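The values are calculated or read from the model by the stated rules, or taken from the named source; none is laboratory data. Nothing here was measured: the structure is a model prediction, and the numbers come from that model. So basically every Cβ, Gly included, is an ideal-geometry build from the backbone, and we count neighbours across all protein chains shown. These area figures cover heavy atoms from the full protein model, side chains too; ligands, DNA and RNA do not enter into them. Shrake-Rupley method; radii C 1.70, N 1.55, O 1.52, S 1.80 Å.
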Amino acid sequence: MQLSEYVRSPVKVQRCAGRVVQTELIVQVDQRDVVPGDIVIFEPGDLFPGDVRLLTSKHLVVSQSSLTGESWPTEKTADAREDRSTPLLELKNICFMGTNVVSGTGTGLVVSTGSKTYISAVFSTIGKHKPADSFEKGIRHISYVLVGVMLLVVTIMILVEYFTFYDLSESTLFGISVACALTPQMLPLIINTSLAKGALAMARERCIVKSLSAIRDMGSMDILCIDKTGTLTMNRAIMVNHLDSWGAPREKVLHFAFLNSYFKSDQKYPLDDAILAFVYTNGYRFQPSKWRKTDEIPFDFMRRRVSVILETESNPEGRNIQPFYRFIITKGALEDVLKVCSYVENVDMGEITAVSAEHHHRILNVVEELRNEGLRIIGVAIKNLQQTKISKQNMENEDDVESDMVFLGVIAFFDPPKDSAKEALWRLAEKGVKAKVLTGDSLSLAIKICKEVGIRTTHVTTGPELEQLNQEAFHEKVKKATVLARLTPSQKLRVVQSLQSVGNHVVGFLGDGINDSLALDAANVGISVDSAASVAKDLADIILLEKDLNVLVAGVEQGRLTFGNTMKYIKLSVIANLGSVVSLFIVTLVLRFEPLTPIQLLVQNFLYSVGQIAIPWDRMEEDYVKIPQKWSVKSLPMFILWNGPVCTLCDVATLLFVWFYYSSGGKLDESFFRSAYFIQGLLMQTLIFHLIRTEKIPFIMEIASWPVLASTVVISAIGIAIPFSIIGDFMGFTDLPLSYFGFLVVLFVGYFTVGQIVKRIYIVVYKKWL
């Protein structure tokens, strides 16, 4: 804190001084001392200390990339008059805290500072704890149910044990053992192993998973919101046309645009590279060696154009008396090129005419049509400089040189969609993931790109339109729209929250700009790229090392595999644990002794839990990964109610068989029954997984993965061998006759048959009525 006191960010402020006679003074104060009501004076390089209403401005250009993510600066002017429909970040007379002056000067009135500024209000929600999703809520509810059942059943069993044997310590120990058996101890291990396995699989697809829970959420994701730039498109310009002011292709326009891009010594921009590439690849021979550059007026953000002065030798036919020709060639933003043009060339008539209102209107109509097709436009103009006049020209006076020019036409560029985008979106749609485009670009450009990649554009909207809607109409519009353009950061956030809360969707958001940070933070799955802004990467759950949507398809599949295997364990543990505890309760009441001692119960539970470690390596059915998977409030309880009693019936059948077949004089040997019950319970809990993991017939129509099969065989073999081993003698077991194992074969065949019938009835009933 003491070191920070030495770091000052001085701001020029106009303030009044004097007690009697006040005088306006310009003083420098630290940025932290600026208050609303101050009049600040700013120059190139200055940061705005708060939200500012411009009072005066001169050629003011401001970078708003910290808010919009767009690198291209914007012009600001104090004289602008805006209406309420203008998006906030497009206001020409307002400058925001966190933005900076690129060029020009001005003064402004500080409207708000600190936490009341736009940037503070917008980003104040970042980093807050996300509310629990349906999966987390479901796990919590299941846990509450298990705790409730545990407290009830264990209390009753302790009381029954105590009033039967009057041994409080033994009864309490047995009750605690039952509570351990009821607890799904492997749940954290299964969930995190499944998620880590998914993260490793996505790492092989060149993805960095920062939040493991995001993999599970990808399995439930049914809407993917994506930004257009760099995600659907290649994020580079390709030249597609060169037109005159009538909208007809003209080589002369291309010729002079090429000469401008070829000879400019200032930094080459992507548009220059696109022009040069178009000329070279299409076989044009403009022979730049016959031209020589004599001067240049570089690009700046106030003029938004670049000019070069070239000269070439006279016509070889000798028709002209001039020894050489000298031209100024100007290229740049269309509006700024038209400002310096007084003439327009009519190639068909072979004449140059003065620019009229009709000409101006026609040029704007041609450009509007091109922009509606999603093309970016720049203008091209020339001026023939006579040698006698050019020597008198003062090149430092740019306004005199760039004046009375002849408008030739326009060059059109396009940011093409990626080859992989259309295929990836089609594959996502096949898996039930709908794509919505949320962009700050113009609507026409967004529609053009979306049509190229196969996104439907029947329902589209813009940020200003959404601002005019009430809450209900806003939600309805967001629900239907597939393309939402001209959105501010806060509007992107509202759209994501609307889809989550009203539509009950699991939303993924793919963005790479600072303006995407709010939506990335709010989405269930925030996805960014390695080249994104730092704040976007910090808030993202998954970072793509390549801007390719096909990687997300693999992520969705991994997410559904992870979700499916986790749900297998939850179903297995709840059904098996509840069924076994209910069976223990019934057997204790009937036999009046403990069906398993505490150590036997804990060993059985330990072996059963170890066998479940292989669940994350199981595979899912092909139909399962085709649709988004969500936690169903109705599905799991109904599944338990239908399938749980079948386990209890098998335990009761074992009790009846051993009682009637192996009892002597109405008495049953405790060691014999515990040995039989131990093996039957362990095999039941091990084999039940194969029944609930698939809707098909297990071992016939659908077979588990080899790690699961190996785990089943090993645990079953160990469980059967224990009663016959030295360990079994120590635990109080006794040998079992071969006839009992014959009974187990019949029992499990019957269990799988009845279980499959019950499962099919449940599936039909649940899908049809519930």
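Brief remarks on what is shown
- Anisotropy class of the range 405-555 from Cα gyration tensor, a/c 1.5 cut: rounded
- Sequence of 724, 593 from largest to smallest accessible area, 1.4 Å probe: 724, 593
- Taking only protein heavy atoms and a 1.4 Å probe, the accessible area of the range 10-127 is 53% carbon and sulfur.
- Shape category assigned to the range 43-93 from the gyration tensor of Cα positions, a/c cut at 1.5: oblate
- Here the spin labels are modelled as points 7 Å beyond Cα on the Cα-Cβ line, and at residue 717 and residue 268 they lie 6.9 nm apart.
- Using a Förster distance of 41 Å, the FRET efficiency for residue 358-residue 88 (Cβ separation, nearest 0.05): 0.65
- Added length on full extension, which subtracts the Cα-Cα distance from 0.36 nm per residue, residue 735 to residue 351: 127.0 nm
- Correct choice for semi-axes √(5λ) of the Cα gyration tensor in Å that was computed from the model, options (i) 50, 34, 25; (ii) 76, 31, 20; (iii) 43, 37, 24: (ii)
- Span-rule helices in the chain, defined as complete DSSP H runs reaching 27 Å or more along the axis (Cα) with Kyte mean at least 0.0: 134-165, 550-591, 635-662, 670-692, 738-769
- Förster radius 35 Å - calculated FRET efficiency between residue 365 and residue 78, Cβ distance, rounded to 0.05: 0.65
- Alpha carbon convex hull of the range 435-506, volume per residue in cubic angstrom: 80
- Lysines whose Cα lies under 26 Å from that of residue 92, excluding same-chain neighbours fewer than 8 positions away: 12, 58, 76, 116, 228, 331, 339, 492
- Separation of the residue 758 and residue 115 label points, Cα + 7 Å toward Cβ, nm: 5.8
- Solvent exposure of residue 726, expressed as accessible area, is near 140 Å², computed with a probe of 1.4 Å over the protein chains only.
- Accessible area (Å², 1.4 Å probe, nearest 10) - residue 90: 80
- In the chain, Cα pairs under 8 Å separated by at least six residues give a relative contact order of 13 percent.
- Peptides ranked, highest mean first, by Cβ atoms within 10 Å: ranges 53-63, 527-537: 527-537, 53-63
- Note on the chain: with charges restricted to the Cβ of Lys and Arg (+1) and Asp and Glu (-1), its dipole about the Cα centre is near 1000 debye.
- Residue 669 paired with residue 470, simple spin-label distance in nm, labels 7 Å along Cα-to-beta-carbon: 8.1
- Solvent-accessible heavy-atom area per residue, rounded to whole Å², over the chain at 1.4 Å: 48
- Protein heavy-atom surface of the range 474-543, 1.4 angstrom probe: 45% of the accessible area is carbon and sulfur, with nucleic acids and ligands not counted.
- Dipole of the chain, positive end: most advanced residue of 517, 474, 343 [Cβ charges, Cα centre]: 474
- As an equivalent ellipsoid, the range 644-746 spans semi-axes of 27, 17, 10 angstrom, where each value is the square root of five times an eigenvalue of the C-alpha gyration tensor, largest first.
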